[in-house]
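Let me begin by presenting the structure, written as structure tokens, before commenting on it.
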Amino acid sequence: MASIILASSSPYRAELLRRLQIDFTTIAPNIDETRRPGETPETYVRRLAREKAAAVAADHPRAVVIGSDQCSECRGEILGKPGTVERAIDQLLAASGQPVTLTTAVAVHDPASGHIEVDAVTTDVRFRRLARAAIERYVHTDQPLDCAGAFRAEGLGISLFESIRTDDPNALIGLPLIALNQLLGRIGIIRP
């Protein structure tokens with residue numbers, strides 16, 4: 001069986017991939033993640049997932065390479081990783097009482113054909129109305145500075161929501177395992 005590489009530096013994605021009980025290594029891809037003019041959230045994350053897989057596959061053409069990316073959208077604005085406490089607070093203030101759509105793409109490089117297949121999953125989250133003090137407490141407690149939309153659904157961030165609608169709850173955290181399992185099955189890496 002070909003080696004499997006997760007083209008990511010995300011500890012969250014690695015933790016999710018471990019759930020499939022497959023051996024893999026991680027390599028951080030070096031790509032430009034700037035959003036292009038006119039890209040929808042879905043075309044944006046699909047492109048990045050594909051580019052991440054392709055970048056790592058270029059150096060490891062015999063490996064199955066998995067790339068993934070995610071973005072959040074609130075009121076027509078893309079919410080990336082906040083990076084700072086202030087930006088995290090601002091993002092969560094904007095999301096308070098609002099619906100937020102997360103789009104998570106996954107790409108798989110097939111070493112036999114050299115092709116990359118991509119799929120994407122949408123997750124709709126409705127945030128509770130949140131007071132600034134509660135947001136500040138959350139940000140200081142959970143430190144979601146490296147998470148699209150400034151929340152960790154696998155942590156305390158789940159308490160910020162009123163509801164979640166998705167076909168794959170793992171997509172909310174950053175790697176749609178149902179779609180990934182299907183993509184791996186198509187190239188002969190079947191998971192029970």
Review point. Looking at region 153-175, which of its residues are closer than 15 Å to Gly67 by Cα and either more than 13 Å from the chain's Cα centre (by Cα) or among the hydroxyl-bearing types (Ser, Thr, Tyr) (or both)?
Key: none
Exercise for review: Could you grab the pairs with beta carbons closer than 9 Å, sequence gap of 6+ or different chains, first residue in region 159-176 and farther than 14 Å from Val45 by Cβ, second one among the hydroxyl-bearing types (Ser, Thr, Tyr) and modelled with pLDDT under 95?
Suggested key: Ile173/Tyr12
Exercise for review: Kindly list the number of the only condition in (1) touching a residue at least 24 places away in the same chain (Cβ under 8 Å); (2) open to solvent by 60 Å² or more (accessible area, probe 1.4 Å) that fails for Pro144.
Suggested key: (2)
Study note, to complete from the structure: If we keep only residues of region 1-53 that are in a helix (DSSP H, G or I) and open to solvent by 80 Å² or more (accessible area, probe 1.4 Å), then the residue farthest from Asp110 (Cα to Cα) is Glu15
Point to revise | Any chance Ile178 is open to solvent by 10 Å² or more (accessible area, probe 1.4 Å), of a type in the set (A, V, I, L, M) and over 13 Å from the mean Cα position of the chain (by Cα) | key: yes
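Tell me which helices (runs of 4 or more DSSP H) are completely within region 111-192 and hold 1 or more residues being of a type in the set (Gly, Ala, Ser) and closer than 29 Å to Glu51 by Cα, or say none if there are none.
Working: elements: 132-142, 169-173, 177-186.
Where helices (runs of 4 or more DSSP H) fall fully within region 111-192 and carry at least 1 residues being of a type in the set (Gly, Ala, Ser) and closer than 29 Å to Glu51 by Cα, they are 169-173, 177-186.
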Exercise for review: Among what's in region 123-141 and is open to solvent by 60 Å² or more (accessible area, probe 1.4 Å) and touching a strand residue (DSSP E or B) at 6+ places or on another chain (Cβ under 6 Å), pick the residue that is farthest from Gly80 (Cα to Cα).
Suggested key: Arg128
Check your understanding: Identify, please: which residue in region 70-106 is of a type in the set (Ser, Thr, Tyr) and part of a loop (DSSP other than H, G, I, E, B) and is, among those, surrounded by the fewest Cβ atoms within 10 Å (Cβ to Cβ)?
Key -> Thr84
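The values are calculated or read from the model by the stated rules, or taken from the named source; none is laboratory data. Values in this document were obtained by computation on a predicted structure and should not be read as measured data. Here Cβ is always computed from backbone atoms with ideal geometry, including for glycine, and neighbour counts include all displayed protein chains. These accessible areas exclude ligands, DNA and RNA; they are computed on the full protein's heavy atoms, side chains included. Shrake-Rupley method; radii C 1.70, N 1.55, O 1.52, S 1.80 Å.
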